[in-house]
Amino acid sequence: MTEPADRTGGGAAATEAATAAEVRRLRDRHERAMGYIREKINELLKVIGTAPLRPEELDDETLIGLDPIGIVAGSFRQVLAHLNRTNEQLRFAREELQAIFDCAGLGILVIDRDQRIVACNAKFREQFGMGNADVVGHCCREVVCQTDRPDRPCPFMHTLSTGEAYRCPDWIVGGRHYDIVETAVRNQEGEVTGSVLVYSDISERFASEEALRRSEERYRDLFENTNDLIFSTRADGSIEYVNASWCATLGYSQEEAERLSLLDLVHPACDAECRERLQALLRGEGGGRVHAMLIAKNGRKVILEGDVSLERASGKSRGVRGIFRDITDSQTLEEELRRREKLESVGLLAGGIAHDFNNILTAVLGNISLAQAAAAPEDAVHARLAEAEKATLAARRLTQQLLTFSKGGSPVKRLASVAQLVEEQTVFACRGSGIFCQVKTDPALWTVEVDEGQIGQAVNNLVLNAVQAMDGNGTVLVSADNVTLGPQDDPLLPRGRFVRITVRDNGCGIERENLQRMFDPYFTTKPGGSGLGLAVTYSIVKQHGGQIRVDSKIGSGSTFTVYLPASDEALPPPENSAPAPQAGKGRILVMDDELIVREIAAAMLQELGYEVESVTNGEAAIARYELARAQGQPFSAVIMDLTVPGGMGGKEAVGELRSRDPACRVLVSSGYSNDPVMADFAGYGFCGVISKPYRLAELGAALKAAMGTTPAPQ
Amino acid sequence: MNTIEFDIRGQICPSSLLTALREINIHQEALRDRVVRLRFLTDNRDCVATIPESARTMGYASEVRREQDCYAIEVFGD
């Protein structure tokens, strides 16, 4: 309040002062207000993260015009809206994560650094039978492993202590198998605050794997221990795998086999059809039964039979699988059987032919003998007759060969040493050939029960074969020694003591395909060859209970080895035999179904000084013999044909005659010179034997010998 | 997309930041709809940090390029 005195002069001054004071007050107020505004703006700018306002940069008027508070407020609204959106996204993500956590098919456990449970999902509770029990805060050892033993090392501490992820592929809890993966949980500073463990129950898978492993073991056991040969190839034929039996049979190791192709193993002798079949299989054309011949590492032929199947992938052939059986031994035995059957059938035919041919030869040879007896030695016809006889004897040798493998052609065996026989036949066969022969025989060679004629013929054939293989040059090595065969030797050879005869040449050798057939009758590779030599040799050896083997290499020669069963007996001392007389006297009855034989036999016997009558069969012979006895003109001897087609032969008739006249002397005669009766005539009641065809001297000697003997008792 | 360019060279923080924030506020809908990009040319080094950081907290993305004589800061919808 002002005084009235001051209203005139002092009033203006007072008003001015009051105005000034008001201006100062308002200025102070403005400055405070701007200071406040700048201070708050700076606070807001600091929150935003920028520098405070500088007065020199923005004066108050510019600052107010810029409206920084409005700007910052607008920005904050956007920041807030962004935070809200972010929070919404986080909430959604959390709910999504929780859903995954709860619905996961794997058990999930979250633990802290002290292994206390922070969280676990429903699957984890199910896996460990927790139900709704509150396990948060409990140590996982008590809940999962159900042990409070701290001494048992827990592998899952690794992640908690190092922060590295850890996997335990097979952790067994409560009898079940779990595959567990553990990952560290870190805070903002990167420190490990706990871990998450994911439990995958692999019990079923483990059981399946265990079952599969056992199944594989069973199959592997079968695969490796079977005697069958199992293999698999790729599409190009290269071998993928083979089993132990395959390796053992073919002689290759697994590693060696895997470097081979199936086609590398096909034996050269395997026929084209078999080879084409294997190639077709590899091309993917069918499967099924296969018969194949492979070659082992040591060169041995292996005959296989089995089934193969194609292995396909995406419609293309991936390779071939097969199971084979080694039938080499049975196949060899079958071949041996077939060879025997073939020999027997051919022999049967040959025996019949030889028999008939011998009857004819009997007439031929007999007439030649008679003609020779009638002609003077210096006469030219005598020489011609000698040639004819020589040819006829050659024909007789041929029939002997045919009879050797005819049915029932048993050898006439006696105890002998083959040493001398081998030497004689070797020298004889090589004579005039230009081939050098070397014979080596064991001085202590064991004795054998042999037909010396047949074995001599066998050796002769083998040496001749060797000589012919050498084309005029080379050496034939022949040896005879003792050998005892045991389990370590060729399984196709019998066990025991044998005399071994070996004939070795260094000739051209024998083609592999011919080795199979070389003992077949009438098989020959030589121009003009009969194909009987080796067949006869084979037959002779077989009939002596022996074996014959051949090894051959083209260009190097062949080796034939004969094994004859050795005897335990020693040789008896040699006997001195006196020459048989030719002529004789007496009445002889001839029985033969062949007219030409009867006629020539009668003529020859008359030439020898005997009286002769002849009949055609056994019944007639018995009747004529009895009649002659009744008439007081008995026969001194009877010569009987062994067999008579459709009638009684000598074999039956001799018994009847001996029953009526035990003193009768009966000789057996046959074109079947190798018939068992011929070999053991005395055993059948005969006093002598004469093989057809025969010469005059042979007939005379045989008759004289028979008439000088006493018949063996029946 | 349309780009609006603002030349705030010569300004320093905080005025350059306030200018940028004002324009972001004005164009917020267009930015969120991704129909516009804001391009600020500045020669103030601090702006390279403050403008992108403020834009990020508001939910926008940004790119900074070094130009001939300034920095170009582009702000756009994330």
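Return the calculated 222 nm mean residue ellipticity for the protein assembly as shown, to the nearest 500 deg cm²/dmol, obtained by summing -39500 (n - 2.57) across DSSP H runs with n ≥ 4 and dividing by the residue count.
-14000 deg cm²/dmol
On average, how many beta carbons from a partner chain sit within 10 Å of the beta carbon of a residue in B:46-59? Spell out each step's value before the answer.
Working: counts 2, 1, 0, 2, 5, 1, 0, 3, 7, 2, 2, 9, 10, 8.
Mean shielding count: 4.
For region A:226-326, what relative contact order do you get, as a whole percent, if you take Cα pairs closer than 8 Å and at least 6 residues apart? Before the final figure, lay out each step's value.
Values: 209 pairs, mean separation 31.0, N = 101.
The value is 31 percent.
When ranked by the protection proxy of mean other Cβ atoms within 10 Å per residue, highest first, what sequence do the peptides A:683-690, A:454-461, A:695-702 form?
A:454-461, A:683-690, A:695-702
Between 0 and 90 degrees, rounded to the nearest ten: what's the tilt of helix A:533-543 against the longest Cα principal axis of chain A?
90
Across peptide B:16-29, what mean number of C-beta atoms from other chains lies inside 10 Å of a residue's C-beta? Each step should come with its number before you reach the end.
Numbers: counts 2, 9, 15, 2, 2, 9, 8, 1, 4, 8, 2, 0, 5, 0.
Mean inter-chain Cβ contacts per residue within 10 Å come to 5.
Mind listing which chymotrypsin sites (Phe, Trp or Tyr not before Pro) in region A:474-522 are in a DSSP loop and have 13 or fewer other Cβ atoms within 10 Å?
Of the chymotrypsin sites (Phe, Trp or Tyr not before Pro), the ones in loops of region A:474-522 whose Cβ has at most 13 other Cβ atoms within 10 Å are A:Tyr522.
Over the whole of A:43-54, what's the average partner chain Cβ count within 10 Å per residue? Rounded to a whole number, please.
5
Let me have the relative contact order for chain A, percent, based on Cα pairs under 8 Å that are six or more residues apart.
Worked out over chain A, it gives 7 percent.
So what are the ³J(HN,Hα) numbers for region A:294-311, from phi and the Karplus equation (6.51, -1.76, 1.60; θ = phi - 60°), rounded to whole Hz, Gly and Pro as x?
Once rounded to whole Hz, the list reads 10, 10, 6, 4, 8, x, 5, 6, 10, 9, 10, 9, x, 10, 10, 9, 7, 10.
Order of A:248-257, A:16-25, A:51-60, A:415-424 by packing, highest average Cβ count within 10 Å first?
A:415-424, A:248-257, A:51-60, A:16-25
Between helix A:203-225 and chain A, what is the angle of the helix's C-alpha long axis to the longest principal axis, kept within 0 to 90° and rounded to the nearest 10?
20
Please list, ordered by chain and number, the residues whose modelled amide H lies under 5 Å from the amide H of A:Tyr241; skip anything fewer than 5 residues away on the same chain.
Here the answer is A:Ser232, since their amide H atoms fall under 5 Å of that of A:Tyr241.
Structure shown: which of A:Lys342/A:Lys440; A:Lys413/A:Lys585; A:Lys342/A:Lys390; A:Lys413/A:Lys692; A:Lys542/A:Lys692 lie over 29 Å apart, alpha-carbon to alpha-carbon?
Correct reply: A:Lys342/A:Lys440; A:Lys413/A:Lys585; A:Lys342/A:Lys390.
Before anything else, pin down the relative contact order of region B:2-77: Cα pairs under 8 Å, at least 6 apart, normalised by residue count, whole percent.
36
What residues have an amide H closer than 5 Å to that of A:Tyr252, excluding those fewer than 5 places away on the same chain, when H is modeled at 1.01 Å from N in the peptide plane?
A:Lys297
Please enumerate, by chain and number, the aspartates and glutamates with C-alpha under 18 Å from the C-alpha of A:Lys316, excluding those fewer than 8 residues away in the same chain.
Partners found: A:Asp236, A:Glu240, A:Glu285.
Count neighbours as other Cβ atoms within 10 Å of each site's Cβ, and list the GluC sites (Glu not before Pro) in region A:311-386 that are DSSP loop with at most 15 such neighbours. Could the numbers behind the result be given before it?
Working: sites: A:Glu311, A:Glu334, A:Glu335, A:Glu336, A:Glu341, A:Glu344, A:Glu378; in loops: A:Glu378.
Hits after loop and neighbour filter: A:Glu378.
In degrees, nearest 10, range 0 to 90: what is the angle between the Cα axis of helix A:9-48 and the longest Cα principal axis of chain A?
Its long axis makes an angle of about 10 degrees.
Mind ordering A:129-142, B:45-58 by average Cβ neighbours within 10 Å, highest first?
Values: A:129-142: 12.9, B:45-58: 19.2.
By packing density, highest mean first, the sequence is B:45-58, A:129-142.
List the trypsin sites (Lys or Arg not before Pro) in region A:193-276 that DSSP assigns to loop (not H, G, I, E or B) and whose Cβ has at most 11 other Cβ atoms within 10 Å. Which are they? Each step should come with its number before you reach the end.
Values: sites: A:Arg205, A:Arg213, A:Arg214, A:Arg218, A:Arg220, A:Arg234, A:Arg259, A:Arg275; in loops: A:Arg259.
Loop-located and lightly packed - A:Arg259.
Which ³J(HN,Hα) values in Hz, rounded to whole numbers, follow from the phi angles of region B:34-45 under the Karplus curve 6.51 cos²θ - 1.76 cosθ + 1.60, where θ = phi - 60° and Gly and Pro get x?
Whole-Hz 3J(HN,Hα) from phi for region B:34-45: 6, 9, 9, 10, 9, 10, 10, 9, 9, 10, 9, 4.
Bear in mind these aren't lab numbers, they're just calculated from the coordinates by the rules spelled out. These figures come from a predicted structure and were not determined experimentally. Note that we place each Cβ from the backbone using ideal geometry, even for glycine, and neighbour counts take in every protein chain shown.
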